[in-house]
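Participant: I'd like to ask you about the structure that follows.
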Amino acid sequence: MGHRVPHVTHYLTEHFADDGYTTLSGFRARGGYETARRVLVEQSPDDVIGTLKRAGLKGRGGAGFDAGTKWSFMPRDGAGPSYLVCNADESEPGSFKDRVLMERGPHQLIEGILIPAFATGAATTFLYIRGEYAEPARILQRAIDDATAAGVLGSNVLGTGFAHQIVLVRGAGAYICGEETGLLESLEGKKGQPRRKPPFPAERGAFGRPTTVNNVETFCHVPHIFARGVDWFRSIGTEESPGTTLFGVSGHVERPGLYELPLGTRLDEIIFEHAGGVRAGRKLKAAIPGGVSMPVLPAGHLDVPMANEFLREHGSSLGTGGVIVMDETTCMVRVGCVISEFFRDESCGQCTQCREGTGWMHKLLLRIERGSGTEADLDVLEDVAGKMEGATICAFADAAAWPVQALLRHFRSEFQGHVHAQKCPLPESFEI
């Protein structure tokens with residue numbers, strides 16, 4: 001088929017093995033767009049926002065903010081246009097779920113956009129997609145064109161009198177444009193650098209107008225909530241984090257890939273029962289639960305339910321649900337080198353603590369990995385990371401500091417082993 005389909009499916013991905021589902025006719029044959037039409041005809045914008053608040057849908061882009069509350073921030077009595085932005089700039093290493101949602105369910109995403117567009121009064125959605133995602137962009141543009149030609153989008157959406165258009169915009173591959181205000185700057189044709197807040201996007205967003213930004217997966221849940229009801233949605237997942245999510249599992253497992261599972265599924269269940277366990281019968285050493293910006297968890301802490309309320313008790317977070325598994329051969333200093341190099345290269349350079357801190361962390365980690373580090377370097381590394389946290393315009397510096405802090409917290413003895421041996425003591429580890 002040439003496309004990736006999750007190993008375990010649920011309501012978001014149950015039709016992804018069917019190529020016809022990617023087409024307008026195939027989507028409509030399964031009842032597609034009927035929920036959006038019914039909502040636009042039968043409900044008021046306030047009703048829609050109230051329903052989503054009761055459903056408790058949390059954003060799936062990393063921050064986990066309540067989606068209904070976010071929609072309610074949009075003013076609906078002002079003159080001039082307001083906008084939605086679909087954040088499809090999926091750039092977190094370890095995350096690849098939005099790509100599959102766009103490739104295999106483009107009309108599901110469009111239907112998921114129409115409902116909040118109606119609720120917030122937005123006339124236009126800008127779908128900002130990662131520059132490297134050429135194939136998803138092609139599939140989405142075709143879906144938008146087909147939907148527009150059929151009257152699903154345009155001046156009379158589904159015959160309801162509501163007007164809405166979707167404009168696809170391709171980014172240029174900068175990680176920082178996944179941050180919502182960096183994305184807005186890029187959307188306006190400027191350098192992708194985050195804005196100071198306030199004002200928040202709901203007050204002054206794209207082109208100076210009220211704007212709500214949600215990510216791809218967040219939009220995709222919406223039509224299912226309105227089709228099957230709040231009670232159904234809240235029956236899946238945990239009380240605080242209802243619904244499913246797509247866990248992308250990579251690294252040292254037998255069966256890497258995507259798994260759509262209820263939030264609250266235990267991390268060790270994902271690794272051992274769904275992803276087939278650690279490769280070649282080796283022992284598990286650690287796992288990152290939500291993309292490289294989330295703190296690593298050592299093997300003894302992996303019985304945690306995968307939802308923010310539980311992961312935070314263990315010093316980590318769900319992030320984008322990108323699970324990266326590492327076996328016993330993995331050098332955690334080299335893990336730190338790889339992650340810190342990524343953040344050094346992707347820092348937009350606007351804030352001193354981030355621009356300088358990411359570079360210094362990478363230099364210190366490389367020195368330790370190459371056998372030239374000292375015990376004092378570990379303290380300096382910890383100090384640099386601590387001075388970055390919470391000290392910049394956006395959360396990028398936090399995302400760079402947290403992995404290093406967690407590596408030191410859980411694997412300090414391994415760092416000390418490099419210092420004392422003056423080389424890496426793990427000869428089977430991956431190379432850098």
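Participant: For the chain, what class follows from the C-alpha gyration tensor (a ≥ b ≥ c being the square roots of its eigenvalues): rounded when a/c is under 1.5, otherwise prolate if a/b is larger than b/c, else oblate?
Facilitator: prolate
Participant: Take every Cα pair under 8 Å in the chain that's 6+ residues apart, average their separations, divide by the length, and report that relative contact order as a whole percent.
Facilitator: Value for the chain: 15 percent.
Participant: Rounded to the nearest 0.05, what FRET efficiency do T374 and R409 have when you use their Cβ-Cβ distance and R0 = 22 Å?
Facilitator: Efficiency computed from Cβ-Cβ geometry: 0.65.
Participant: Give, in nm to one decimal, the length gained when the segment between E132 and V338 is fully stretched (0.36 nm per residue of separation minus the Cα-Cα distance).
Facilitator: Between E132 and V338, full extension yields an extra 72.1 nm.
Participant: Compute the helix-to-body angle for 106-120: its Cα long axis versus the longest principal axis of the chain, expressed 0 to 90° and rounded to tens.
Facilitator: 70
Participant: Follow-up. Quick one: accessible surface of K423, probe radius 1.4 Å, all protein chains present, in square angstrom to the nearest 10.
Facilitator: Estimated to the nearest 10 Å², K423 gives 130 Å².
Participant: Full-extension gain between H314 and E356, please, as 0.36 nm times their residue separation minus the C-alpha to C-alpha distance.
Facilitator: Roughly 12.2 nm would be gained on extension.
Participant: Arranged from highest to lowest average of other beta-carbon atoms within 10 Å per residue, in what order do the peptides 316-323, 88-95 appear?
Facilitator: Descending packing order for the listed peptides: 316-323, 88-95.
Participant: Same structure again: Order S72, S347, most accessible first, counting only protein heavy atoms with a 1.4 angstrom probe. Could you put the intermediate results ahead of the total?
Facilitator: Working: S72 45, S347 25 Å².
Correct descending sequence by accessible area is S72, S347.
Participant: Related question: From a point 7 Å beyond the Cα of R209 in the direction of its Cβ, which residues of region 160-183 have a backbone N at a distance under 17 Å?
Facilitator: Under cut-off, by backbone N: 162-169.
Participant: Restricting things to alpha carbons, find the Rg to Rh ratio for region 322-422 using the Kirkwood radius for Rh.
Facilitator: Numbers: Rg = 13.0 Å, Rh = 13.5 Å.
A ratio of 0.96.
Participant: Suppose only helical runs count, i.e. DSSP H with n ≥ 4. What mean residue ellipticity at 222 nm does that imply for the chain under -39500 (n - 2.57) per run, divided by all residues and rounded to the nearest 500 deg cm²/dmol? Working shown, then result.
Facilitator: Numbers: 15 runs with 174 residues, N = 432.
Result for the chain, helices only: -12500 deg cm²/dmol.
Participant: Along the Cα→Cβ direction, 7 angstrom out, place labels at V169 and V5. What is the inter-label distance in nm?
Facilitator: Computed distance between label sites V169 and V5 equals 3.5 nm.
The values are calculated or read from the model by the stated rules, or taken from the named source; none is laboratory data. These numbers come from a predicted model, not from an experiment. Here the Cβ is made from the backbone with ideal geometry for all residues, glycine too, and neighbour counts use every protein chain on show. Accessible surface is based on the protein model in full, side chains and every heavy atom, while ligands, DNA and RNA are left aside. Shrake-Rupley method; radii C 1.70, N 1.55, O 1.52, S 1.80 Å.
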